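The values are calculated or read from the model by the stated rules, or taken from the named source; none is laboratory data. As the structure is a prediction and not an experimental result, all values here were calculated from the model. All Cβ positions, even for glycine, are placed from backbone atoms using ideal geometry, and neighbour counts span all protein chains on display.
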Amino acid sequence: MSSEQNVSVVPSAAIPGGEVSVECSGYDTGNPRECRVTFDGTPGQMVGAAPWRVLAVVPESLEGGGEVEVVLESGDGGRKGPAAVVVGRKLAEDLHMVANPAVDPDDGSVYVTISGARGERKPTTLFRIDPGGALTPVTGEITNPTGIAFDSLGQMYVTSRMDGTVYRVTPFHEVVPFARDLGVATGLAFDRAGRMYVGDRTGTIHRVNGKGEPEVWALLESSVAAYHLAFGPDEHLYVTGPTVSSSESVQRIDRDGRTSVFFKGLGRPNGLAFDRGGNLYVAASYRGRRGIVRISPDGGGAELAVAGPNVVGLCFDAAGQMIVATGEAVYSLPLGVKGTLVK
C-alpha cells in the first residue's frame, strides 16, 4: 500500500484504541466539524487536528488486524492519503494480564493469565492460546499468576505474587512448587547459564539455583505494582518497576548485582523484551503517549513503536510477531521482529 501526498502514520503500528499521529501537510482544518479520519473506511476519533498533523484513535472494531488504510477527509471534499498502519489482531479478551505473556518455544503457543486482584481466587488463572487461535484453560492452582518464563529446556515457570512462590508447570499441566519465600514475587527471567531471577516488588531481586534455593542478589527501590525482568544481549539484567515518579527508569544490573540507570523518561513502565538487534521494547508511556517504546541498544534514544492503551507487556514469537498484552486482551502484530530468546 503506497502513501500519497506525504501522509504517514506515526508510529506505524498500533492496537485498537491506540492513539496515532497522521503526519501530513496542507490539511484543511477550516471547518473542524467536517474533518474526519478513516481506518479502512471506519471513522476514528480525532483527538486533535492541525494542517500538518492529526491525532486519531484506531477504532476498537478493527480486531481482525493487518495493514489498514488511513485517509484524511475535509469539508471541501479534500482527501489526504492513503497512508498505512499495521493494526494488531486480537487473540483473546476478557483476561487480566499484569506482565508479559510468554511464547512456548516448542510449539509457538502463547500463555496468558486471568491474574485477579491480590488474594482473589479464580477457577482458572492460566490459559494457552494455540497457534490456531483457540484459547484453552491450563490451571487454576496458581493464585495471582504474574511472571511467566521458559528456561533453556523449554520448561515453563510462573510466579505467584500471592504466596511468593515460583511454580513449575509440566507439559501435562501439572503444577509443582519450585521456589518459595520470595516475597511479592512478580518478574521472572533466566540468564544465559540457566539461572533463575525473581523480582520481589518490595525491593529484592532473588537469584535461584537449580534446587529452588534463593539468595538475595540485588536491592532496588520498591515498586507500587510489579518488577519486570529481561536479560539483554550484554548478559545484564534489565528491570522496570512502576513507582510514584512521573519520569521512571529502566534499571540495568551487572553480573555482580551492581545497579545503574539505563534509560530514564518513561511513564509507568511494565513488561520488557529485547530483539536480536539489541533494541529494548518496554510497555510504557513516552512523551505523553502509551504503547510499546523501543529504546536503542546504547540507551541513547527512544521512540514509540506501537501505540496502544493500557499496555502491560509483550513478547516475540519465532515468526517475528510481536505479542502485545493490555490489561484485558492480547494482540498479535506482524512486525518481523525476532526476540533474543527465540530460536
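Taking the numbered list (1) more than 30 Å from ALA56 (Cβ to Cβ); (2) without any contact (Cβ under 8 Å) to a residue 40 or more places away in the chain; (3) surrounded by 18 or more Cβ atoms within 10 Å (Cβ to Cβ) in turn, ASP181 passes all entries but (3). One residue stands out in region 2-60 among those that are part of a strand (DSSP E or B) and among the charged types (D, E, K, R): the one that is surrounded by the fewest Cβ atoms within 10 Å (Cβ to Cβ), namely ARG53.
Looking across SER222, SER152, SER246, one residue alone is part of a loop (DSSP other than H, G, I, E, B), over 26 Å from ARG290 (Cβ atoms) and either free of Cβ contacts under 8 Å to residues at least 60 places away in the same chain or touching a Ser or Thr at 6+ places or on another chain (Cβ under 9 Å) (or both). It is SER152. Criterion applied to ASP76, ASP106, ASP94 was being in contact with a Gly (Cβ under 7 Å, 6 or more places away or on another chain) and in contact (Cβ under 8 Å) with a residue 24 or more places away in the chain, and the one residue passing it is ASP106. Just checking, which of ARG128, ARG121 is under 24 Å from PRO16 (Cα atoms), charged (D, E, K, R) and not assigned by TED's automatic domain parsing to the domain that holds GLU60? Only one candidate passes the filter, namely ARG128. Applying the selection to region 13-36, what residues are within 27 Å of the chain's Cα centre (by Cα) and either under 13 Å from GLU69 (Cβ atoms) or among the hydrophobic types (A, V, I, L, M, F, W, C) (or both)? ALA13, ALA14, ILE15, VAL20, VAL22, listed by residue number.
Picking from residues in region 186-204 that are more than 17 Å from GLY164 (Cβ to Cβ) and either touching a residue at least 60 places away in the same chain (Cβ under 8 Å) or among the charged types (D, E, K, R) (or both), the one that is surrounded by the fewest Cβ atoms within 10 Å (Cβ to Cβ) is ARG192.
The set of residues in region 205-232 that are of a type outside the set (Gly, Ala, Ser) and surrounded by 20 or more Cβ atoms within 10 Å (Cβ to Cβ) comprises ILE205, HIS206, VAL208, PRO214, TYR227, HIS228, LEU229.
Quick one: in region 30-73, which of the residues that are among the hydroxyl-bearing types (Ser, Thr, Tyr) and in contact (Cβ under 8 Å) with a residue 24 or more places away in the chain is nearest to LEU335 (Cα to Cα)? Looking at the filtered set, the residue picked out is SER61. Taking ASP181 as the residue in question, decide whether it is of a type in the set (Asp, Glu), more than 20 Å from THR139 (Cα to Cα) and outside any strand (DSSP E or B). So ASP181 fits the description; yes.
Let's see how each residue does on (1) among the small types (Gly, Ala, Ser); (2) over 30 Å from SER115 (Cβ atoms); (3) assigned by TED's automatic domain parsing to the domain that holds GLY288:
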| site | (1), (2), (3) |
| --- | --- |
| ALA13 | yes, no, no |
| GLU19 | no, no, no |
| CYS24 | no, yes, no |
| PHE39 | no, yes, no |
| VAL54 | no, yes, no |
| VAL70 | no, yes, no |
| LEU95 | no, no, yes |
